[in-house]
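**Student:** Let me begin by handing over the structure; questions about it come next.
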Amino acid sequence: MFSITLTIIVITCLVSFAAFNNEKIKSDLLFWPAAIQDQKQYYRFFSYGVIHGDLMHLGFNMLTLYSFGTMVEKYSFASVFENKANLFYLALYLSAIVISTIPDYFKHKNDPSYLALGASGAVSAIIFAGIILNPKIELSIIFLPFLRIPGYVFGILFLVISAYLAKRGRSNIGHGAHFTGAVYGLLFTIIATKVYSGYDAMGIFYHSIMTR
């Protein structure tokens, strides 16, 4: 059966592997605010999301996307958006790639040394879309085999770690995009489900957490 999640993973892996061994591909696709500002290379708002810093970075993002994305695409979104689930899922992922970089663009548009890459912002949006629609999802199987933790707890830890890494600022991984992507994923899901079907995602999430 066709899967948008797997299609995204395959495309991202192919481009990332190509960029690992080709600096020109990597430099042409990086998120580079100064180049967007000065040379109008607007495609960089999107292209950075299909390349990664190294195999570990790629593997973590794609494993996370597979874990949450499959659930969100096939079950969570399908239960709310029905036959339009694939459209909303793809719209969330693609728009999150762009939206998650907006704060960094305005912060670094005059800084030619700032570069970033990776699908972290979009993956973070998918994580939090999954959490808001299925608060009791657990991460034990893949992330912590011997400790079962609720998805929303993992989400908080994910943001705390990302904030710490962003403050260190020692890599081209756009850690700040994790937070922006998370907020966007929540807002997109809450608003889209409410407008499309009247589904009160926030209310159901709160009730689920309070009655664990």
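**Student:** Go through (1) open to solvent by less than 80 Å² (accessible area, probe 1.4 Å); (2) at pLDDT 95 or above and name the single condition residue 64 misses.
**Tutor:** Checking residue 64 against (1) open to solvent by less than 80 Å² (accessible area, probe 1.4 Å); (2) at pLDDT 95 or above, the one that fails is (2).
**Student:** For the stretch 92-106, which residues satisfy the criterion of being more than 12 Å from the chain's Cα centre (by Cα) and of a type outside the set (Val, Ile, Thr)?
**Tutor:** Keep residues of the stretch 92-106 that are more than 12 Å from the chain's Cα centre (by Cα), which gives 102-106.
Result: 103, 104, 105, 106.
**Student:** Can you find even one residue in the stretch 74-92 that is outside any helix (DSSP H, G or I), open to solvent by less than 40 Å² (accessible area, probe 1.4 Å) and out of contact with any strand residue (DSSP E or B) (no Cβ under 6 Å at 6 or more places or on another chain)?
**Tutor:** Residues of the stretch 74-92 outside any helix (DSSP H, G or I): none.
For the stretch 74-92, residues outside any helix (DSSP H, G or I), open to solvent by less than 40 Å² (accessible area, probe 1.4 Å) and out of contact with any strand residue (DSSP E or B) (no Cβ under 6 Å at 6 or more places or on another chain): absent.
**Student:** Further question: Any residue at all in the stretch 31-39 that is within 15 Å of residue 11 (Cα to Cα), in a helix (DSSP H, G or I) and of a type in the set (A, V, I, L, M, F, W, C)? Walk me through how you get there before you give the answer.
**Tutor:** At the first step, the residues of the stretch 31-39 found to be within 15 Å of residue 11 (Cα to Cα) are none.
Checked the stretch 31-39: no residue is within 15 Å of residue 11 (Cα to Cα), in a helix (DSSP H, G or I) and of a type in the set (A, V, I, L, M, F, W, C).
**Student:** Enumerate the helices (runs of 4 or more DSSP H) found wholly within the stretch 94-212, keeping only those where 3 or more residues are modelled with pLDDT of 90 or more, open to solvent by 10 Å² or more (accessible area, probe 1.4 Å) and over 19 Å from residue 71 (Cα atoms).
**Tutor:** Numbers: elements: 102-108, 120-133, 151-168, 176-197, 201-210.
By residue number, 102-108, 176-197.
The values are calculated or read from the model by the stated rules, or taken from the named source; none is laboratory data. Every value quoted in this text rests on a predicted model; they were computed, and no experiment measured them. So basically every Cβ, Gly included, is an ideal-geometry build from the backbone, and we count neighbours across all protein chains shown. The accessibility values were calculated without ligands, DNA or RNA, using every heavy atom of the protein model including side chains. Shrake-Rupley method; radii C 1.70, N 1.55, O 1.52, S 1.80 Å.
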